[in-house]
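*Asks:* First, the structure itself, so that you have it in front of you.
The values are calculated or read from the model by the stated rules, or taken from the named source; none is laboratory data. The model shown is predicted, which means the values in this text are computed figures rather than measured ones. Backbone-built Cβ (ideal geometry, glycine too); neighbour counts: all protein chains shown. Only protein heavy atoms, including side chains, enter the accessible area calculation; ligands, DNA and RNA are left aside. Shrake-Rupley method; radii C 1.70, N 1.55, O 1.52, S 1.80 Å.
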Amino acid sequence: MSDSPDMFGDTPPWNEDEDKPEDKASAAELEAAGQASMFGEPAPAEVRPAAAEMEAAGQGSMFGTAEPAPPAKVVEERAPVDLTPPASARPAAAPAAQPYRVLARKYRPQTFAELIGQEAMVTTLANAIRRERLAHAFLMTGVRGVGKTSTARLIAKALNCIGADGKGGPTIDPCGHCEPCVAIAEGRHIDVIEMDAASHTGVDDVREIIEAVRYAAVSARYKIYIIDEVHMLSRNAFNALLKTLEEPPAHVKFLFATTEVDKLPVTVLSRCQRFDLRRIPAPMLAEHFARVCTAEGVAADAEALAMVAAAAEGSVRDGLSILDQAIAHADLDAGHDGARVSAETVRDMLGLSDKGAQRRLLDAVLAGEGAVLLELVAQQFALGVEPVAIMRGQMELAHRIAVAQVAGELPDAASSEERAAIEGWAKAMSAGQVHRLWQLLLKGFEEVKSAPDPLVAAQMALLRIMHASDMPDPGALVKKLQDLAASAALAGPAPGGGAGGQPVAMARRLDWEQLVVDVEHSGHPSAMTIGTTMRMQVRVVELEPGLLRFAQPPAFREDISPLLRDGLNHATGERWQVERVAAEGAPTLVERDDARKAAEVDAVRAAPLVKAALEAFPEAELIEDERAAAVGGGARRNWRQ
């Protein structure tokens, strides 16, 4: 029985000089190689000393070190067989896919040149940086998605940019390549601290800022605090921040952003330089969305982009979110042929009514075609258009018709058919009819919003508008009724009239002078003033029951119609229509009195006795006696020489 090779080795020391047989791989080695190719290389076994080595070491320690024995010859282990394919035959590893970024984040402006619609603010900031008149606190306010937080980050870049050579100063055009610009854009700059006031509302959060502002910036020129939704801070937090906000260190700048500036204390507003970011106009939004589509390699119809811009309501972020959804919708529809955002896609996605269907619906309303109206409403509702959207589309058309009447043209029409239809309605309808249409649509819109069944409410509202279009204008109707009343009053005795042939309805012939006297004695607080005005300024052109048309002498230009109407209504108890016209009327009561006096003077002068006296005394004058007339003189004037 031979010794185990694991303990003493494969070859004993006394046979080391004999010829070594040729090494061959054993079955165990081949099996180990196969397992290694399948499951990987096993962990190397721990090398342990052989039993002979251990025994020799023990004897050496007891009797001294003996002559070193020749080293045992260890059989070289054969490397395991590698069955894996060569590297050239392996498939290349796919690169790690980058996560998708929504358009609102991907196209966030990185320079002030990319910030659209805020030219006034950019000019102010550029001049302040150029003249080194930088405020210590800025407040950006406006509706959602107009660039408040983006502007704050751009200001942080502009103040801390050092340029590509590392020697630059504050600039309105940050390079975007230096370390501060890159770090701020990636949100990792240690000296630009961005805080969400909606989740950090208390005094403790503000106290951390107050304690940190004492220390200088680590690597940047300014230490900048960007506080978003600053109106969410508590009252105590605002009070704690006031002193630091009023007198911060020279190396600290505060940038606030909020959508509800009216919730900020006046003490905070007075310590900040305020910028009101305005809504982005729809045409500018449509151009911006067209550039984004070009950058994304997506085709888009102009009408589709116009609808997205209108739905955004002046917000760039809202518009990009809608455009992102529209592109995804178009991708699903396009398959492998490429994406195209069409007007139909956006209309279906937003639940908007087709503009052609809107025009056909309004045409049916104005033409009085009730069956066509109901059919068009049912079609739109079946396509997914909400009744509120139907009413809103009709209101938009009414507004565009009114604009076309005032401006004479419609420059923003999406198509020639739309322009022709709206201009035709603008010429066919009067301004009063358009405004009445708007009022009825507005009332119907409110009813549809609050109705339990919006579809039924929309149908009834449009039918009411259709029937109201046949009614005459209220002003014309009142005038027609007045004309009918006047013609009936002027008519002769009706057939089968009263006894003795007395007329049933006779015209009450009005005496203007008596009417003035009635006004003067009516008890009105300004009765005498009104009576004097009626005597001096009214030249009657037409006087009928309830109607007065008058002219004024050239010396009077003030419109006295309201004053006359008030006096006549109070004196007669009836409603009067008073109009000032440019025509020749009868003389005023004062002018008639003056003419009568002049006629009396001429008659006295023409008397033979007076004429002879004047010839005898050429310088004599006729003087009216102011004393009471003699007994029996009646109302005759007294004349004395």
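*Asks:* Find how much the distance from Phe556 to His435 grows on full extension, using 0.36 nm per residue of separation minus their present alpha carbon separation; answer in nm with one decimal.
*Replies:* 40.0 nm
*Asks:* At a probe radius of 1.4 Å, what is the per-residue accessible area of Lys253, in Å² to the nearest 10?
*Replies:* Here the residue's solvent-accessible area equals roughly 20 Å².
*Asks:* Here is a further query. Is the shape of region 95-205 rounded, prolate or oblate, going by the alpha carbon gyration tensor and its root eigenvalues a ≥ b ≥ c, with a/c under 1.5 for rounded and a/b larger than b/c for prolate?
*Replies:* Rounded shape, in that the Cα axes give a/c under 1.5.
*Asks:* Shifting gears a bit: Residues of region 353-468: accessible area per residue at 1.4 Å, in Å²?
*Replies:* Result: 50 Å² of accessible area for each residue.
*Asks:* Give me the extension gain from Ala371 to Val610: residue separation times 0.36 nm, minus the current Cα-Cα distance, reported in nm with one decimal.
*Replies:* 77.0 nm
*Asks:* What distance in nm separates the two pseudo spin-label positions at Val406 and His521, each 7 Å out from Cα along the beta-carbon direction?
*Replies:* Here the modelled spin labels are 5.2 nm apart.
*Asks:* Could you look at region 211-341 and say what percent of its accessible area is carbon and sulfur, using a 1.4 Å probe and all protein chains?
*Replies:* 52
*Asks:* Further question: Would you work out if region 139-191 is rounded, prolate or oblate? Take a ≥ b ≥ c from the square roots of the eigenvalues of the alpha-carbon gyration tensor; rounded if a/c is under 1.5, else prolate when a/b is larger than b/c, oblate otherwise.
*Replies:* Taking the square roots of the gyration eigenvalues as a ≥ b ≥ c, region 139-191 is prolate.
*Asks:* Now for a separate question. Grab the other residues whose beta carbon is less than 10 angstrom from that of Gly145, score K and R as +1, D and E as -1, and report the net.
*Replies:* Result for the local shell: +2.
*Asks:* For Ser526, what accessible surface area do you get with a 1.4 Å probe? Give it in Å², rounded to 10.
*Replies:* For Ser526, the solvent-accessible surface is approximately 50 Å².
*Asks:* Considering amide H positions built from the backbone, and no H for Pro or chain starts, which residues 5 or more places from Leu547, or on another chain, come under 5 Å of its amide H?
*Replies:* Long-range HN contacts for Leu547: Gln577.
*Asks:* Could you tell me the accessible area of Tyr222 in Å² (1.4 Å probe, neighbours in place), rounded to the nearest ten?
*Replies:* 40
*Asks:* Taking a threshold of 22 Å on the Cα-Cα distance, which of the pairs Lys355/Lys427; Lys157/Lys263; Lys243/Lys263 fall above it?
*Replies:* Lys157/Lys263
*Asks:* Note down the nm distance, to one decimal, between modelled labels 7 Å out along Cα→Cβ at Glu600 and at Glu513.
*Replies:* Result for the modelled spin labels: 1.2 nm.
*Asks:* How much length is gained if the chain between Thr123 and Arg592 is pulled fully straight, taking 0.36 nm per residue apart and subtracting their Cα-Cα distance, in nm to one decimal?
*Replies:* That works out to 161.7 nm of additional length.
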